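Q: Here's a structure for you.
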Amino acid sequence: MESFRSEIENPIVQKDIIELGKKIAAFRNNEIDEDRFRSLRLARGVYGQRQQGVQMIRIKLPLGKVTAKQLLRICDVSDEFSRGNLHITTRQDIQIHYVSLDRTPELWSELEKDSITLREACGNTVRNVTASIFAGVDQKEPFDITPYAYEFFQFFLRNPICQEMGRKFKIAFSSSEDDAGISFVHDLGFIPQVKDGVKGFKILLGGGIGSQPQHAHLVYEFLAEDEVIPFSEAVVRVFDRYGERNKRNKARLKYLVAELGIDAFLQLVEKERVAISAQKHPIEYKEAEIVKPEIFSATLSAEDAQAFENWKRLNTIAQKQAGYVSVGIAIKNGDIRTDKTRLLVDIIEKYTGNDTRLTASQSILLRFVPEENLAALYLELKKLNLVQVGFHRVNDIVTCPGTDTCNLGIASSMGLGEKLKEVIESEYAELIEDEDLSIKISGCMNACGQHTIGNIGFQGMTIKSGKLIAPASQVLLGGGILGNGQGRFADKLLKVPSKRTPDVLRWILSDFSSNKKPNQNFLGYYDEKGSDYFYQALKHYGEVDNLQPDDFIDWGNEAAYEMAIGVGECAGVTIDLVATLLLEGEEKIERAEANLAENAFADGIYNAYASFVHAAKAILTTTKAKTNSHASIIESFDEFFPTFATEFGKKFSEVVYQINQNQPSAAFAVTYLAQAKSVTQWIKALREKQLQEA
């Protein structure tokens, strides 16, 4: 671990990496249990993989923004620590697989040389801040949201209020009312607005996809830009305190909002505003700087000329900057090898403004390409086989990793995606012209492949035939983005054996192509016909009394299907021992002391608050108390340990809830931390007495 000290300039990052190494050693030596260790490594981007003994590493790239130099660094890391493959995710991250746990600190250290982090890429944290890939170049945008989204990322990174929440928290910024950021399915979604010359945002709250998708609530038509982070901080604080922590499938913000009601939830948010670090958080606005590349001419052959025109029409988007375009590169299943990526980096540096974005559809967008460079760029990309016609079109299919690497995968989404892509390009090439038609595939109900908002969606499942189990696809139709913060979730129609999915798609596309009205998109056609029309036409595909041997072999596999689901880690709930919780409480106190030494009073107060909760939960685990949220822990402590009030002159809840009744001043921070120390010691003494009596 010491070797990292001379290589990382940021002491906070250095400390993070050294701590990860120490925790790995403690885990190997059985000094901390697996559940607690899982929580710690997930918050540092280290995720368990389907294959035993190796890890998936998620690299956090805010806004999906990555420079050529950073891409090279990621390639180096993948080659050194993994197998030379990069996987682009629907959260605009990059994942690499098959990494040894013991080498993860070294891997992280290498990434940080080019300011690339793993911190809070997984776990019960504020995840990667995603954004429209057209931010800064969108012809419809009122202003460039890039500086606001990036400040949001920086503000919540390592912020004490969001390190150990009940579950993950997802953020998205759109660049215009088209809502390319898909704001309506996020915990917080932002759409830029200008009112009376003031920049601000339309704000949506409490959305989500997954097995029970929920459309976000519109909570502000307009909120000034300097109030966005204070409001968001208050939202995260309320979620951290009241969110469910034991029942994983009920722990997202959308369930808390549904339980409390949106008005009651917003009242708690407003009450919490007293305790936040600043009532206003102004952000310096700055338009993207245009870096004009050198101009290169190219002569196209007759064959190339026609292909180039098709590619130009379906893969390029005019920017708001005159003379520049963005170029979309579709990446099959989001997977690209490092050798090809290195050659792509050369192209990025030569032909573009070096402002590349990874898309939520697992593709790549090159930005600030001079129109004069398009022909030469096309020929260079052609050499790499990166000129698939169709960017964010029907053949640019979104897929999660599924059973290839994911613990929760039920079926091979990537294998199915490859087959459906082949069907479309060989049999329905004319539909690639239809920019409104999308296909999304997930390997399980968690919807990492966004199947619940696809025009056509498929979810990995299983189907029984006698005593045998075959891989299957749940067919969904009618989802999509409507714009202006509005969207719709797909209807579940039926379940079919996975090997019949291509024929199901053939019927849907053939029917749509043959019967739609002129200029009618798929959603309009689906609404006109109704879900029962499609169900009746497709239901025979779901029959299971005539399955063939091939139906029991999943896509991309040779052996017979065997259902094997591991422990999900997207936001795993930990089962903590009393001693572990008390130790964590003391660690929070140490962090609070460090915060106060740096005059970071709000952070110190929150770490002190966390120490109260950890210590209280520790002793409550010896009772039958309800401990499924911070709020229930605080309430239960008063009920089960009434002698606290006699000792301290106030109930436990009255001491703890000073946090949202006082501004984060130095005086209050010192007092509150002192109280946290006293309470922790009192609880430790109580625990020692319990053990002695036992």
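The values are calculated or read from the model by the stated rules, or taken from the named source; none is laboratory data. Predicted model, so just to flag it, every value in this text is computed and none were measured. Because the Cβ atoms are built from the backbone with ideal geometry, glycine has one as well, and the counts that use them run over all protein chains shown. Ligands, DNA and RNA are stripped out before the accessible areas are found, and what is left, the full protein with its side chains, is counted by its heavy atoms. Shrake-Rupley method; radii C 1.70, N 1.55, O 1.52, S 1.80 Å.
Q: For residues that are within 22 Å of Y285 (Cα to Cα) and touching a helix residue (DSSP H, G or I) at 6+ places or on another chain (Cβ under 6 Å), scanning just the stretch 168-187, find the one that is surrounded by the most Cβ atoms within 10 Å (Cβ to Cβ).
A: S174
Q: Here's something else I'd like to know. Among the residues of the stretch 534-546, are any touching a Ser or Thr at 6+ places or on another chain (Cβ under 8 Å) and touching a residue at least 12 places away in the same chain (Cβ under 8 Å)?
A: yes
Q: Still on this model: Would you mention how many residues in the stretch 486-531 are part of a helix (DSSP H, G or I), out of contact with any strand residue (DSSP E or B) (no Cβ under 7 Å at 6 or more places or on another chain), among the aromatic types (F, W, Y) and within 30 Å of L205 (Cβ to Cβ)?
A: Qualifying residue count for the region: 1.
Q: Just one of L386, L314, L366, L379 is open to solvent by 40 Å² or more (accessible area, probe 1.4 Å) and either in contact with a Phe, Trp or Tyr (Cβ under 7 Å, 6 or more places away or on another chain) or among the hydrophobic types (A, V, I, L, M, F, W, C) (or both); which is it?
A: The conditions single out L379.
Q: Please work out which residue is nearest to the chain's Cα centre (by Cα), limiting yourself to the stretch 386-396 and to residues that are under 18 Å from Q306 (Cβ atoms) and not hydrophobic (A, V, I, L, M, F, W, C).
A: G390
So that you can scan it fast, the table gives a plain yes or no per residue for (1) in contact (Cβ under 8 Å) with a residue 40 or more places away in the chain; (2) in a strand (DSSP E or B):
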{"site": "A307", "(1), (2)": "yes, no"}
{"site": "N310", "(1), (2)": "yes, no"}
{"site": "A322", "(1), (2)": "no, no"}
{"site": "V327", "(1), (2)": "yes, yes"}
{"site": "N333", "(1), (2)": "yes, no"}
{"site": "I336", "(1), (2)": "yes, yes"}
{"site": "L343", "(1), (2)": "yes, no"}
{"site": "K350", "(1), (2)": "yes, no"}
{"site": "V369", "(1), (2)": "yes, yes"}
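Q: Then there is this: Would you be able to say whether some residue in the stretch 255-278 is farther than 16 Å from G166 by Cβ, in contact with an Asp or Glu (Cβ under 7 Å, 6 or more places away or on another chain), part of a helix (DSSP H, G or I) and open to solvent by less than 30 Å² (accessible area, probe 1.4 Å)?
A: Within the stretch 255-278 (the criterion being farther than 16 Å from G166 by Cβ, in contact with an Asp or Glu (Cβ under 7 Å, 6 or more places away or on another chain), part of a helix (DSSP H, G or I) and open to solvent by less than 30 Å² (accessible area, probe 1.4 Å)), the answer is no, since none of the residues qualifies.
Q: Further, regarding this structure: What number of residues in the stretch 398-433 are of a type in the set (K, R) and under 26 Å from the mean Cα position of the chain (by Cα)?
A: 1
Q: Starting from residues that are assigned to a helix (DSSP H, G or I), open to solvent by less than 10 Å² (accessible area, probe 1.4 Å) and in contact with a strand residue (DSSP E or B) (Cβ under 9 Å, 6 or more places away or on another chain), keep the ones in the stretch 28-67 and report whichever is modelled with the lowest pLDDT.
A: Applying the filter and picking the extreme gives L42.
Q: Continuing with the same structure: Is it the case that the stretch 123-132 has a residue that's open to solvent by 30 Å² or more (accessible area, probe 1.4 Å) and either in contact (Cβ under 8 Å) with a residue 12 or more places away in the chain or of a type in the set (F, W, Y) (or both)? Before the answer, list the steps.
A: Step one: filter the stretch 123-132 for residues open to solvent by 30 Å² or more (accessible area, probe 1.4 Å), giving none.
Looking through the stretch 123-132, none of the residues is open to solvent by 30 Å² or more (accessible area, probe 1.4 Å) and either in contact (Cβ under 8 Å) with a residue 12 or more places away in the chain or of a type in the set (F, W, Y) (or both).
Q: Follow-up question, since we're still on this one. From the list Q661, Q681, exactly one residue is under 28 Å from R252 (Cα atoms), of a type in the set (S, T, N, Q) and open to solvent by 20 Å² or more (accessible area, probe 1.4 Å). Which is it?
A: Q661
Q: Among the listed residues E120, E110, E106, identify the single one that is open to solvent by 10 Å² or more (accessible area, probe 1.4 Å) and either more than 20 Å from L71 (Cα to Cα) or out of contact with any helix residue (DSSP H, G or I) (no Cβ under 7 Å at 6 or more places or on another chain) (or both).
A: E106
Q: Out of T403, T356, I need the residue that is polar (S, T, N, Q) and more than 28 Å from A135 (Cβ to Cβ). Which one?
A: Exactly one residue qualifies, and that residue is T403.
Q: Working carefully through the options K247, K280, K292, K271, find the one that is of a type outside the set (S, T, Y) and closer than 30 Å to E435 by Cβ.
A: Details: K247 fails: closer than 30 Å to E435 by Cβ; K280 fails: closer than 30 Å to E435 by Cβ; K271 fails: closer than 30 Å to E435 by Cβ.
Unique residue meeting the criteria: K292.
Q: Is one or more of the residues making up the stretch 395-406 under 29 Å from I456 (Cβ atoms), open to solvent by 20 Å² or more (accessible area, probe 1.4 Å), part of a helix (DSSP H, G or I) and among the β-branched types (V, I, T)?
A: yes
Q: What number goes with the only condition from (1) among the acidic types (D, E); (2) open to solvent by less than 40 Å² (accessible area, probe 1.4 Å); (3) outside any helix (DSSP H, G or I) that E287 does not pass?
A: (2)
Q: For M165, which of the numbered conditions (1) open to solvent by 10 Å² or more (accessible area, probe 1.4 Å); (2) in a loop (DSSP other than H, G, I, E, B) fails to hold?
A: (1)
Q: If you take the residues in the stretch 596-615 that are more than 16 Å from F637 (Cα to Cα) and without any contact (Cβ under 8 Å) to a residue 40 or more places away in the chain, which one is most open to solvent (accessible area, probe 1.4 Å)?
A: Ranking the candidates gives E598 first.
Q: Using the structure shown, decide if A645 is among the hydrophobic types (A, V, I, L, M, F, W, C) and open to solvent by 50 Å² or more (accessible area, probe 1.4 Å).
A: The answer is no for A645.
Q: Now for a different question. So E558 fits all but one of (1) modelled with pLDDT under 90; (2) open to solvent by less than 80 Å² (accessible area, probe 1.4 Å); what number is the exception?
A: (2)
Q: Please identify the pairs in which a residue from the stretch 200-211 that is within 16 Å of I262 (Cα to Cα) and modelled with pLDDT of 95 or more has its Cβ atom under 9 Å from the Cβ atom of a residue that is part of a strand (DSSP E or B) and among the aromatic types (F, W, Y), counting only partners at least 6 apart or on another chain.
A: I203/F190; I203/Y220; I203/F222; L204/F190; L204/Y220; L205/Y220
Q: When you go through R237, R248, R241, R252 one by one, which is the residue that is open to solvent by 40 Å² or more (accessible area, probe 1.4 Å), under 24 Å from the mean Cα position of the chain (by Cα) and in contact (Cβ under 8 Å) with a residue 60 or more places away in the chain?
A: After ruling out the rest, the residue left standing is R248.
Q: Could you please find all residues in the stretch 1-22 being at pLDDT 80 or above, farther than 14 Å from Q163 by Cβ and either open to solvent by 20 Å² or more (accessible area, probe 1.4 Å) or among the basic types (K, R) (or both)?
A: N10, P11, Q14, K15, K22, listed by residue number.
Q: A follow-up question, please. Might you let me know whether the stretch 414-433 holds any residue that is open to solvent by 10 Å² or more (accessible area, probe 1.4 Å), among the aliphatic types (A, V, I, L, M), free of Cβ contacts under 8 Å to residues at least 60 places away in the same chain and assigned to a helix (DSSP H, G or I)?
A: yes
Here is a yes/no grid of residues against (1) in contact with a strand residue (DSSP E or B) (Cβ under 9 Å, 6 or more places away or on another chain); (2) in a loop (DSSP other than H, G, I, E, B); (3) under 24 Å from N246 (Cα atoms); (4) in contact (Cβ under 8 Å) with a residue 40 or more places away in the chain:
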{"position": "F134", "(1), (2), (3), (4)": "yes, yes, no, yes"}
{"position": "K140", "(1), (2), (3), (4)": "no, yes, no, no"}
{"position": "F153", "(1), (2), (3), (4)": "yes, no, no, yes"}
{"position": "S175", "(1), (2), (3), (4)": "yes, yes, no, yes"}
{"position": "D178", "(1), (2), (3), (4)": "yes, yes, no, yes"}
{"position": "F184", "(1), (2), (3), (4)": "yes, no, no, yes"}
{"position": "F190", "(1), (2), (3), (4)": "yes, no, no, yes"}
{"position": "Q193", "(1), (2), (3), (4)": "yes, no, no, yes"}
